[in-house]
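Notes for the one structure printed next.
Rule-based calculations on the coordinates, nothing more; no lab input. None of the values given here were measured: they were computed from a predicted structure. Here the Cβ is made from the backbone with ideal geometry for all residues, glycine too, and neighbour counts use every protein chain on show.
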Amino acid sequence: VKTLADNDCSTCGDVAVPVRVIEVHGNEDVVEERLGICATAVTHFVPDVKVNEILLVHMGVAFGQKLGVRL
Amino acid sequence: MMMKYVDEFRDPELIRKTSEEIHRLVDPNYHYRFMEVCGGHTFSIFRFGLQNLLPENIELVHGPGCPVCVLPMGRMDDGLSIARHPDVIFTAFGDVMRVPGQEGTPLELRARGFDIRMIYSPLDALKIAIDHPEQQVVLFAIGFETTAPSTALTLIRARDLNLSNFSVFSNHVLILPAIRAILDSPDMHIDGLIGPGHVSAVIGARPYEFIAKNYGKPVVISGFEPLDLLQSILMLVKQMREGRSEVENQYNRVVPWEGNIPALRAMNEVFEVRPFFEWRGLGIISESALKLRPEFAQWDAEVRFQVKGVSIADPKATKCGDVLKGVLKPHQCKFFGKECTPEHPVGALMVSSEGACAAYYHHVYLRQAVSE
């Protein structure tokens with residue numbers, strides 16, 4: 001298994017990916033998915049993001065927080 | 001490294017036990033029909049061969065939850081008419097690039113020289129607009145409530161930046177009116193629904209309560225891993241066995257009961273519900289899609305480019321609507337695997353990898369063909 005996004009349709013939200021927050025920069029934070037790939041995610045919809053927190057990101061925008069998930 | 005999100009939900013022993021529990025609890029004299037609403041669930045069911053782990057009297061019906069598949073060809077032609085404007089940079093997600101209009105796909109138009117670019121996020125389109133102030137940048141926006149907040153956020157940023165060369169062609173649709181239309185369909189019989197996972201992370205679980213209350217059908221919101229889906233089916237079976245019809249949340253590690261309030265607020269600020277919208281395979285469904293509010297008219301591509309609103313009927317011989325409503329299985333359409341393939345889709349459900357026909361083609365039909 002490489003990533004949850006394998007072979008799926010990116011338009012649909014099903015392939016949203018859990019990521020760990022690496023750096024917090026206001027509303028655009030650096031996140032890392034479980035294979036170590038880093039990207040920027042917009043965190044407008046998830047308040048008070050903290051480093052090491054796990055977020056659910058789809059299309060570069062985080063919409064899930066306080067997940068019962070570890071990477 | 002054990003990863004709770006994936007590995008534990010693919011544990012063979014847990015999967016075997018859950019499958020056995022389902023077999024133990026079903027009524028052998030009843031034929032169960034459960035609809036998985038979401039295209040991602042359809043994909044997982046075929047990919048992991050989950051139907052093989054279920055009793056023969058549990059039938060999974062593949063629902064309308066693939067936004068690319070339900071997009072009518074007329075909307076694609078409308079979008080591509082914008083892409084043909086000489087000063088336009090037309091942006092779309094990867095899955096949309098191979099959706100055919102009457103005169104080809106976005107990829108084919110790009111090969112003919114039009115400036116059509118694939119993006120990962122709606123915000124990428126905004127960045128292109130900032131970087132190319134001399135051109136009009138149009139975002140072909142599509143998806144259910146999972147993607148609509150991202151488009152809304154992009155439009156709010158465009159407004160805040162007073163960006164005049166950016167606009168959105170909205171094809172966002174809503175899952176609940178589609179479910180209601182299916183439940184109201186006279187030729188439809190469903191015992192329970194496997195509710196979408198990430199749509200529900202935005203809208204929450206509460207909006208599904210009308211299905212349990214008004215239609216008397218159990219709903220279980222599910223994750224996408226094999227054990228998620230089997231556990232959801234087990235929860236549906238248990239509800240029926242106990243005479244209950246409730247909304248339950250199997251995917252509570254991700255889906256909060258109330259959804260994501262800031263995301264819903266952004267959607268409400270930017271979008272309003274269209275009186276009606278055409279769904280490929282399902283026809284016109286009232287109040288089932290989103291358009292930009294008048295306050296955002298200057299960023300509305302339908303207004304800016306005076307889009308005609310083309311309506312094109314689906315090829316009548318294809319049975320997309322019957323497959324979407326679970327009346328037929330994909331391979332029972334006479335076009336399946338012949339004229340209609342993932343490389344050359346005729347019907348809507350063959351377009352995206354999450355369409356029921358494409359998923360069946362890749363994970364059942366091809367495997368059978370190879371083994372024969």
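If Rh is defined by the Kirkwood formula over all Cα pairs and Rg also comes from Cα, what ratio Rg/Rh do you get for the protein assembly as shown?
Rounded to two decimals, Rg/Rh equals 0.95.
In whole Å and largest first, what semi-axes does the C-alpha gyration tensor of the stretch B:10-90 yield when each eigenvalue is scaled by 5 and square-rooted?
Values: eigenvalues 352, 45, 9 Å².
That gives 42, 15, 7 Å for the three semi-axes.
Between residue B:332 and residue B:107, how many nm apart are label points set 7 Å from Cα along the C-beta direction?
3.1
How high is the FRET efficiency between residue B:284 and residue B:184 when r is their beta carbon distance and R₀ equals 22 Å, given to the nearest 0.05?
0.95
Would you calculate, for the protein assembly as shown, the mean residue ellipticity at 222 nm contributed by helices, counting each DSSP H stretch of 4 or more residues as -39,500 (n - 2.57) and dividing by all residues, to the nearest 500?
-8000 deg cm²/dmol
Can you flag which of B:217/B:325; B:213/B:291; A:66/B:17; B:17/B:238 are past 20 Å Cα-Cα?
Details: B:217/B:325 16 Å; B:213/B:291 29 Å; A:66/B:17 29 Å; B:17/B:238 15 Å.
Over 20 Å Cα-Cα: B:213/B:291; A:66/B:17.
Name the cysteines of chain B that stand alone by the Cβ rule: no other cysteine Cβ under 4.7 angstrom.
B:38, B:320, B:333, B:340, B:357 - these cysteines have no disulfide-compatible partner (Cβ-Cβ under 4.7 Å) in chain B.
Label point 7 Å out from residue B:310 along Cα-to-Cβ: which residues of the stretch B:107-127 have amide N under 17 Å?
Residues B:107-116 qualify, since their backbone N sits under 17 Å from the label point.
Counting only other chains, and only Cβ atoms inside 10 Å, what mean value do you get across the residues of A:53-62?
5
Could you compute the FRET efficiency for residue A:50 and residue B:261, with r as their C-beta to C-beta distance and R0 at 25 Å, rounded to 0.05?
0.85
Averaged over peptide B:141-149, how many Cβ atoms belonging to another chain are found within 10 Å of each residue's Cβ?
5
Take the Cβ-Cβ distance between residue B:162 and residue B:118 as r, set R0 to 25 Å, and report the resulting FRET efficiency rounded to the nearest 0.05.
Rounded to the nearest 0.05, the efficiency is 0.40.
Sequence gap at least 6, Cα distance under 8 Å: using those rules, report the relative contact order of the stretch B:146-264 to the nearest whole percent.
Once normalised by length, the contact order is 28 percent.
Using the Cα atoms as the points, what is the convex hull volume per residue of the stretch B:64-174 in Å³?
88
When a/c reaches 1.5 or more, the comparison of a/b and b/c decides; with that in mind, is the stretch A:24-71 rounded, prolate or oblate per its Cα gyration tensor?
Because its axes are fairly even, with a/c under 1.5, the stretch A:24-71 counts as rounded.
What distance in nm separates the simple spin-label points at residue A:69 and residue B:293, each placed 7 Å from Cα in the Cβ direction?
In this crude label model, residue A:69 to residue B:293 measures out at 3.0 nm.
Using alpha carbons only, how many degrees (0 to 90, rounded to 10) separate the axis of helix B:175-184 from the longest principal axis of chain B?
50
Can you tell me the orientation of helix B:122-131 relative to chain B, as the angle in degrees between its alpha-carbon axis and the longest Cα principal axis, to the nearest 10?
In chain B, helix B:122-131 runs at an angle near 20 degrees to the longest axis.
Mind giving me the nanometre distance, one decimal, between the label points for residue B:268 and residue B:368, set 7 Å out from Cα along Cα→Cβ?
4.8
Based only on Cα atoms, what mean projected area does the convex hull of the stretch B:206-323 have, in nm²?
Dividing the Cα hull surface by four gives the mean projection, 10.8 nm².
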